[in-house]
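Some notes on the structure that comes next.
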Amino acid sequence: MKKVITYGTFDLLHIGHINILRRAKELGDYLIVAISSDEFNALKGKKAYYTFEQRKAILEAIRYVDEVIPEHTWEQKVQDVVNHNIDVFVMGDDWEGEFDFLKEYCEVVYLPRTVGISTTKIKQDLNNAKNG
Ligand code: C2G
């Protein structure tokens, strides 16, 4: 069984998230998603709209996702790849090159981001609509 892992906040789930999850799953047979905890989000300078538990439940409902684990630190990736016998690590190409150190342990794939959508854009558009 070819195991794939990807990481992220996945807040306000949108088509960009679905596209990367679908393509990540296509690279293997089993997809693990490591979702940033609320505390780790704070480290990333992010405040998610949905709590970790809500984001976890939403991702677990997606057909491409087989397992969801928490992401607590930047440093846990090597341990995750080893502990879960991961074959392929996937991230959007906004992270191009950032995780090449994992190439010692598994394949590292950066996939093109979906253009024109982001959680930040959703929040901005909703805010603009509200303010007219
Ligand atoms: N993504 C995408 N297209 C978009 C928006 C996001 O392909 N329009 C991808 C990102 O490249 C990332 C994943 O969706 O691979 C999750 O994005 P975020 O929730 O923004 O995650 P991020 O804050 O980048 O967290 O340790 C890694 C970090 O936890 C990554």
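The values are calculated or read from the model by the stated rules, or taken from the named source; none is laboratory data. Note that the structure is predicted; figures quoted are calculated from it, not measured. Using ideal geometry, Cβ is built from the backbone for each residue, glycine included, and neighbour counts are taken over all protein chains shown.
Considering 81, 108, the condition of being over 22 Å from residue 14 (Cα atoms), within 16 Å of the chain's Cα centre (by Cα), assigned to a strand (DSSP E or B) and aliphatic (A, V, I, L, M) is satisfied by 108 alone. Among the residues of region 65-78, those identified as within 13 Å of the ligand (Cβ to nearest atom) and surrounded by fewer than 18 Cβ atoms within 10 Å (Cβ to Cβ) are 69, 70, 72, 73, 74, 75, 76, 78. Scanning region 20-53 for residues that are surrounded by fewer than 17 Cβ atoms within 10 Å (Cβ to Cβ) and near the ligand (Cβ under 9 Å from one of its atoms) yields 44, 46.
For region 111-119, state whether one or more residues are among the small types (Gly, Ala, Ser), at positive phi, within 8 Å of the ligand (Cβ to nearest atom) and loosely packed, with under 15 Cβ neighbours inside 10 Å.
yes
Report whether or not residue 56 is exposed (fewer than 15 other Cβ atoms within 10 Å of the Cβ), at pLDDT 95 or above and either part of a helix (DSSP H, G or I) or of a type in the set (Lys, Arg) (or both). No; evaluated as a whole, the condition is false for this residue. May I ask you to verify whether residue 123 is surrounded by 13 or more Cβ atoms within 10 Å (Cβ to Cβ) and not in a strand (DSSP E or B)? For residue 123, the condition - surrounded by 13 or more Cβ atoms within 10 Å (Cβ to Cβ) and not in a strand (DSSP E or B) - is met.
Residues in region 1-34 that are touching a Phe, Trp or Tyr at 6+ places or on another chain (Cβ under 6 Å) and β-branched (Val, Ile, Thr): 5 alone.
For region 84-96, a residue qualifies if it is within 13 Å of the ligand (Cβ to nearest atom) and more than 13 Å from the chain's Cα centre (by Cα), and exactly one does: 96.
Check region 77-89 and report whether any residue there is closer than 15 Å to residue 20 by Cα, modelled with pLDDT of 95 or more and β-branched (Val, Ile, Thr). Talk me through it step by step, then tell me what you get.
Here is the first cut: in region 77-89, the residues closer than 15 Å to residue 20 by Cα are 88-89.
Still in the running and modelled with pLDDT of 95 or more: 88-89.
Narrowing the set further to residues that are β-branched (Val, Ile, Thr) leaves 88.
Yes, there is a match, as at least one residue in region 77-89 is closer than 15 Å to residue 20 by Cα, modelled with pLDDT of 95 or more and β-branched (Val, Ile, Thr).
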